[in-house]
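Chemist: Dumping the structure here so I can ask a few things about it.
The values are calculated or read from the model by the stated rules, or taken from the named source; none is laboratory data. The structure presented is a predicted model; accordingly, all values stated were derived computationally and were not measured. Note: ideal-geometry Cβ built from the backbone for every residue, glycine included; neighbour counts use all protein chains shown.
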């Protein structure tokens with residue numbers, strides 16, 4: 001093995017300690033003296049440095065930045081973030097003669113911009129840590145051109161205690177601009193994913209997406225990505241999935257968010273967190289509050305036979321769906337509305353209403369209106385067992401209960417489905433309708449098989465509704 005020279009960079013094989021969660025770091029501002037100190041070289045890449053690299057990478061993304069340097073997060077180490085890469089001990093070994101003057105800003109000087117002259121391209125020697133390669137170190141020489149070249153020069157300046165304001169062409173070029181709001185989005189299911197997608201498509205910058213952790217699904221207990229997680233990753237957004245949202249407290253404090261948006265998240269956000277943003281916390285709830293507060297407003301509206309539903313944008317407070325209302329919109333329900341179809345309609349309605357409401361709220365043009373708490377109704381969390389319908393009940397429906405069961409089949413589609421048991425085997429009822437005062441089954445699914453038309457099911461199974469057997473026998477006798 002070759003000898004290790006004194007002071008030479010040592011690369012350790014161990015990567016980031018998986019037991020330690022990533023944290024968003026506090027970014028120092030111009031007043032902090034640490035920004036004027038020259039950073040020290042890194043002589044050994046150990047788990048602490050690797051963790052710092054990941055923390056810095058995610059802090060850059062959450063703050064909508066393009067680059068970041070160790071001194072900016074109070075670590076006087078020669079480490080920088082340049083877009084999607086982390087560079088350790090970066091050194092410019094060649095610069096192009098061609099230069100250009102462009103406007104620059106800095107996360108440590110928020111809102112301040114000025115014209116700076118820099119080389120158009122540079123060659124940099126460094127140890128590279130790429131998120132795509134799990135931050136595994138590799139020594140390399142890189143050539144940067146255009147915007148990446150400007151970023152790497154800007155960040156290396158930070159390592160030497162230099163701010164971009166020291167390099168502005170003319171002091172008169174310095175000016176202030178409003179910053180985009182730092183928005184944190186909380187949500188989990190398809191409904192929330194559609195709302196998030198709408199925000200992104202409309203051009204809103206999302207600093208951080210918080211969703212529930214993955215949970216085992218199906219017989220194979222697969223940990224499949226959740227709908228909001230899929231949308232966030234597709235759009236290269238930073239995603240956190242804490243077991244408890246309070247685990248993000250330090251990260252959220254350091255981020256200094258402007259606004260939280262919550263849409264069917266699944267966890268209770270405590271007051272000390274939802275009061276952090278300067279523009280408070282906005283919630284999207286798929287009902288016309290104060291009616292149907294709680295976890296199952298869509299299913300409950302169908303179960304109750306409502307003719308209309310809607311969505312509400314309101315401010316979060318300590319009580320369940322209790323805060324003052326910013327905006328509402330309503331829609332009519334079809335006679336055969338399912339939870340799936342209504343959720344899709346309400347997601348679209350919620351997205352459009354949120355996009356209209358957000359700019360008005362951020363500009364201070366909306367006055368929250370208290371809910372009429374006397375009219376409040378509440379929903380409960382639906383469990384898988386709620387879908388169970390004994391065969392005895394299915395065969396003893398009267399004029400009142402038959403409508404309730406038909407609505408339940410629609411309300412519990414796609415989950416948890418209404419189901420019964422035949423000889424100990426579960427049979428799911430996917431679809432049914434009322435006809436001449438009777439419940440007509442359309443699509444069912446025996447255990448271990450795919451959904452099938454009910455008439456196909458009857459070819460190999462006894463009827464689920466025994467009255468059908470009597471009708472078949474009568475029909476057979478008449479035919480003879």
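Chemist: In the set 435, 442, 425, which member is over 35 Å from the mean Cα position of the chain (by Cα) and within 14 Å of residue 391 (Cα to Cα)? Spell out how you get there, then give the answer.
Modeler: Working: 435 fails: within 14 Å of residue 391 (Cα to Cα); 442 fails: within 14 Å of residue 391 (Cα to Cα).
So the residue among 435, 442, 425 that is over 35 Å from the mean Cα position of the chain (by Cα) and within 14 Å of residue 391 (Cα to Cα) is 425.
Chemist: (1) under 29 Å from residue 49 (Cα atoms); (2) in contact (Cβ under 8 Å) with a residue 60 or more places away in the chain; (3) in contact with a strand residue (DSSP E or B) (Cβ under 6 Å, 6 or more places away or on another chain): which one isn't true of residue 141, the others all being true?
Modeler: The one condition residue 141 does not meet is (2).
Chemist: Identify, by number, the condition in (1) closer than 30 Å to residue 269 by Cβ; (2) not in a loop (DSSP other than H, G, I, E, B) that residue 172 doesn't meet.
Modeler: Every listed condition holds for residue 172 apart from (1).
Chemist: Which ones in the stretch 161-176 are surrounded by 13 or more Cβ atoms within 10 Å (Cβ to Cβ) and either more than 22 Å from residue 97 (Cβ to Cβ) or touching a strand residue (DSSP E or B) at 6+ places or on another chain (Cβ under 9 Å) (or both)? Talk me through it step by step, then tell me what you get.
Modeler: Taking the stretch 161-176 as the starting set, the residues that turn out to be surrounded by 13 or more Cβ atoms within 10 Å (Cβ to Cβ) are 161-165, 167-168, 173-174.
The answer is 161, 163, 164, 165, 167, 168, 173, 174.
Chemist: Condition check: surrounded by fewer than 19 Cβ atoms within 10 Å (Cβ to Cβ), touching a residue at least 40 places away in the same chain (Cβ under 8 Å) and either part of a strand (DSSP E or B) or on the phi < 0 side of the Ramachandran plot (or both). Does residue 81 satisfy that?
Modeler: Values: surrounded by fewer than 19 Cβ atoms within 10 Å (Cβ to Cβ): no; touching a residue at least 40 places away in the same chain (Cβ under 8 Å): yes; either part of a strand (DSSP E or B) or on the phi < 0 side of the Ramachandran plot (or both): yes.
Spelling it out, it is not the case that residue 81 is surrounded by fewer than 19 Cβ atoms within 10 Å (Cβ to Cβ), touching a residue at least 40 places away in the same chain (Cβ under 8 Å) and either part of a strand (DSSP E or B) or on the phi < 0 side of the Ramachandran plot (or both).
Chemist: Taking residue 414, is it in contact with a helix residue (DSSP H, G or I) (Cβ under 9 Å, 6 or more places away or on another chain), within 29 Å of residue 264 (Cα to Cα) and loosely packed, with under 13 Cβ neighbours inside 10 Å?
Modeler: Values: in contact with a helix residue (DSSP H, G or I) (Cβ under 9 Å, 6 or more places away or on another chain): yes; within 29 Å of residue 264 (Cα to Cα): yes; loosely packed, with under 13 Cβ neighbours inside 10 Å: yes.
Criteria met by residue 414.
Chemist: Right, here's the next one. Output the number of residues of the stretch 198-228 satisfying the condition of being over 18 Å from residue 260 (Cβ atoms) and assigned to a helix (DSSP H, G or I).
Modeler: Counting residues in the stretch 198-228 that are over 18 Å from residue 260 (Cβ atoms) and assigned to a helix (DSSP H, G or I) gives 2.
Chemist: A follow-up question, please. Could you count how many residues in the stretch 211-225 are touching a helix residue (DSSP H, G or I) at 6+ places or on another chain (Cβ under 8 Å) and either in the same structural domain as residue 63 (by TED's automatic domain parsing) or under 21 Å from residue 343 (Cα atoms) (or both)? Reasoning before the result, please.
Modeler: Residues of the stretch 211-225 touching a helix residue (DSSP H, G or I) at 6+ places or on another chain (Cβ under 8 Å): 211, 214, 225.
Next, from what is left, pick out any that are either in the same structural domain as residue 63 (by TED's automatic domain parsing) or under 21 Å from residue 343 (Cα atoms) (or both): 211, 225.
Number of matching residues: 2.
Chemist: Something else about it: How many residues, within the stretch 114-135, are within 31 Å of the chain's Cα centre (by Cα) and either not in a loop (DSSP other than H, G, I, E, B) or not assigned by TED's automatic domain parsing to the domain that holds residue 56 (or both)? Can you show your working first?
Modeler: Going residue by residue through the stretch 114-135, those that are within 31 Å of the chain's Cα centre (by Cα) are 128-135.
Applying the additional criterion that residues be either not in a loop (DSSP other than H, G, I, E, B) or not assigned by TED's automatic domain parsing to the domain that holds residue 56 (or both) yields 128-129, 131-133.
Of the residues in the stretch 114-135, 5 are within 31 Å of the chain's Cα centre (by Cα) and either not in a loop (DSSP other than H, G, I, E, B) or not assigned by TED's automatic domain parsing to the domain that holds residue 56 (or both).
Chemist: Tell me yes or no: at least one residue of the stretch 7-30 is under 17 Å from residue 129 (Cα atoms), part of a helix (DSSP H, G or I) and either in the same structural domain as residue 118 (by TED's automatic domain parsing) or modelled with pLDDT of 90 or more (or both). Show your work before the answer.
Modeler: Our first condition is that a residue be under 17 Å from residue 129 (Cα atoms); within the stretch 7-30, this holds for 9-18, 22.
Keeping just the survivors that are part of a helix (DSSP H, G or I) gives none.
Within the stretch 7-30, none of the residues are under 17 Å from residue 129 (Cα atoms), part of a helix (DSSP H, G or I) and either in the same structural domain as residue 118 (by TED's automatic domain parsing) or modelled with pLDDT of 90 or more (or both).
Chemist: A further question on this structure: Do you know which residues across the stretch 31-64 are surrounded by fewer than 18 Cβ atoms within 10 Å (Cβ to Cβ) and assigned to a loop (DSSP other than H, G, I, E, B)? Quick ask: steps written out before the conclusion?
Modeler: First, the residues of the stretch 31-64 that are surrounded by fewer than 18 Cβ atoms within 10 Å (Cβ to Cβ): 31-34, 36-38, 40-41, 43-44, 46-48, 64.
Scanning the stretch 31-64 gives 31, 32, 37, 38, 41, 43, 46, 64.
Chemist: May I pose another question? Criterion first (in the same structural domain as residue 339 (by TED's automatic domain parsing) and not in a loop (DSSP other than H, G, I, E, B)) does residue 247 satisfy it? Outline the logic, then answer.
Modeler: On the way: in the same structural domain as residue 339 (by TED's automatic domain parsing): yes; not in a loop (DSSP other than H, G, I, E, B): yes.
So residue 247 passes the test.
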